[in-house]
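Undergrad: Below: one structure in structure tokens.
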Amino acid sequence: MIAHLHGNVTRHRPGEVTVDVHGVGYRVLVPLDVWEQLEEGALTKLWISTYVREDRFDLFGFLSVLSRTLFEELLGIPGIGPRTALEICSVPRGLIGMAIREQDAAPLTSIKGIG
């Protein structure tokens, strides 16, 4: 399993980057807020969650171990796949915390994949 990647970032379409590590380019899917923070060509370290299925091998990248842990915890919830978990990780933590504290699902229903 890949724990992290440290290399130069090339931004592609929103939510997708390539991290060049010594000449090997790794395609990494990232939350939109991370994508917006990454600078083209900058040396960056991303914490990686590797998602493997019989027909998929995807890398998901985060700027902190805490964000990667949240993503992996979300994957353990029935009905939440990696794309939905990534969408949830793009939501500001304060908004998620407020929705949980106030038991108000409305802010979360705007997330793609959540009904």
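The values are calculated or read from the model by the stated rules, or taken from the named source; none is laboratory data. From a predicted model like this one, the values you see are computed outputs, not experimental measurements. Note: ideal-geometry Cβ built from the backbone for every residue, glycine included; neighbour counts use all protein chains shown. Surface accessibility is based on the protein's heavy atoms, side chains included, excluding ligands, DNA and RNA. Shrake-Rupley method; radii C 1.70, N 1.55, O 1.52, S 1.80 Å.
Undergrad: Helix-only estimate, please: 222 nm mean residue ellipticity of the chain, summing -39500 (n - 2.57) across DSSP H runs of length 4 or more and dividing by its residues, to the nearest 500. If you can, show how the numbers build up before the last one.
TA: Working: 5 runs with 38 residues, N = 115.
So the calculated ellipticity at 222 nm is -8500 deg cm²/dmol.
Undergrad: Quickly work out the Val65-to-Asp33 label distance, labels modelled 7 Å from Cα along the C-beta direction, and quote it in nm with one decimal.
TA: Between Asp33 and Val65, the label points sit 2.0 nm apart.
Undergrad: Using a 1.4 angstrom probe, figure out how much accessible area the stretch 4-54 has per residue, in square angstrom, rounded to the nearest whole. Mind dumping the intermediate values first?
TA: Details: 2960 Å² over 51 residues.
I get 58 Å² per residue for this part.
Undergrad: Now a separate question. Let's test this: bin the Cα-Cα distances of the chain at 10 Å from zero up to the farthest pair and state each bin's percent.
TA: Bin by bin from 0 Å, the calculated values are 14, 45, 30, 10, 1.
Undergrad: At His22 and Glu72, where each label point lies 7 Å from the Cα along Cα→Cβ, what is the point-to-point distance in nanometres?
TA: 2.4
Undergrad: Also, I was wondering about something else. List every residue whose amide H lies under 5 Å from the amide H of Thr44, counting only residues 5 or more places away in sequence or on a different chain, with H placed 1.01 Å from N in the peptide plane.
TA: Residues meeting the amide H criterion: Gly7, Asn8, Val9.
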